[in-house]
Amino acid sequence: MIAKVLFVLGVLSAAYAQKTPVYVYYESLCPDSMAFITKQLYPAMKELKDHVSLELIPFGKSTWNTQGSDTIFNCHHGPEECYGNKIHACAISHIQVDSFQTEHTRETLIVDYITCLMSGGFRDQPYALYARKCAEDTHVKKFESIEQCANSTEGSKLLEEMGEKTFKLENPLKSVPTITIRETYDAQIQKQALNDLPSAICNNLPKPIPAVCRAHSGASTISGGIIAGILAIIISIFRFI
Ligand SMILES: *[C@@H]1O[C@H](CO)[C@@H](O)[C@H](O)[C@H]1NC(C)=O
């Protein structure tokens, strides 16, 4: 009985272990960021969302200066990118799930929306129109509040905060996108993340490594369930001594 309880507790604690923070520093119109978010981040989050807390930072190699009450941004791929980065920053801050979106958490809805924005359709139309279409496609509600934010000082403030987070890592950022685990730069993680994000994440999760990581290279094959099982067996043996 006690062994069973401990087994269940072991499995539960493995499943609800603290999430590992993954930071993605990127730019709204950057082709390498688009490739990374659509081909690596999106599928990796589908698989590993229970183990990762994602922080998206749309700023990249931008800079800003203040002129009176105005903040003027200067972006790597031009003014349209500054507007795009504001849409991203505002979406990350404003998106909420409603009670009908039970398949989503706030984070998974943000990932769906940002992935749509990064899939390239903005090339044929103004960014604001494209961002509205992505909101419809991914069932993001109240796009108006995101657009109002992006078109006002609220968007500038949020983008400045993204800039401050970026400069905390590196000023200026050397490569876009940059991916870190736990907010410290590591060349090895960066290299692996660009080619195989699930393995980069799995290799850096605290032990016991979750079962979903078994398919990924280099990850330990001992899952939390197995450890809890072994623990349960040891405890039940002791009960007979
Ligand atoms: C917000 O700004 C964008 C880009 O300048 C523009 O296309 C759009 O019409 C503006 N929307 C509103 C509601 O003012």
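Rg of the Cα atoms in segment 21-205, relative to 2.2 N^0.38 Å, amounts to 0.98.
Model label points for GLN188 and ARG106, set 7 angstrom from Cα along the Cα-to-Cβ axis, are 3.4 nm apart. Database remark: amide H of VAL52 closer than 5 angstrom to the amide H of THR20 (H placed geometrically; neighbours at sequence offset of 5 or more, or on other chains; Pro and chain starts carry no H). Over all pairs of different C-alpha atoms, segment 99-218 has a mean inverse distance whose reciprocal, the Kirkwood radius, equals 17.2 Å. Working note: Cα gyration tensor of segment 123-193, eigenvalues times five, square-rooted, sorted largest first, giving semi-axes of 30, 17, 11 Å.
Between the C-alpha center of segment 184-201 and that of segment 65-142 there is a gap of 25 Å. Positive contributions from Lys and Arg (+1) and negative ones from Asp and Glu (-1), summed over other residues with Cβ under 11 Å from the Cβ of LYS168, come out at -3.
For the pair GLU170 and LYS19, a Förster radius of 22 Å applied to the C-beta separation gives a FRET efficiency near 0.40, rounded to the nearest 0.05. DSSP assigns beta bridges within segment 16-79; of those with both partners inside it, close to 40 percent run antiparallel. Between GLN125 and ALA215, the FRET efficiency from the beta-carbon distance, with R0 = 41 Å, is close to 0.60. Protection proxy ranking, highest mean first, for peptides 88-95, 150-157: 88-95, 150-157, where packing is the per-residue count of other beta-carbon atoms within 10 Å, averaged.
Hydrodynamic estimate: the Kirkwood radius of segment 79-158 over Cα pairs, inserted into Stokes-Einstein at 25 °C and 0.890 mPa s, corresponds to D of 196 µm²/s.
Every number here is computed from the coordinates shown, using simple stated rules; none is lab data. This is a predicted model, so every value here is computed, not measured. Neighbour counts run over all protein chains shown; Cβ positions are idealised from the backbone, glycine included.
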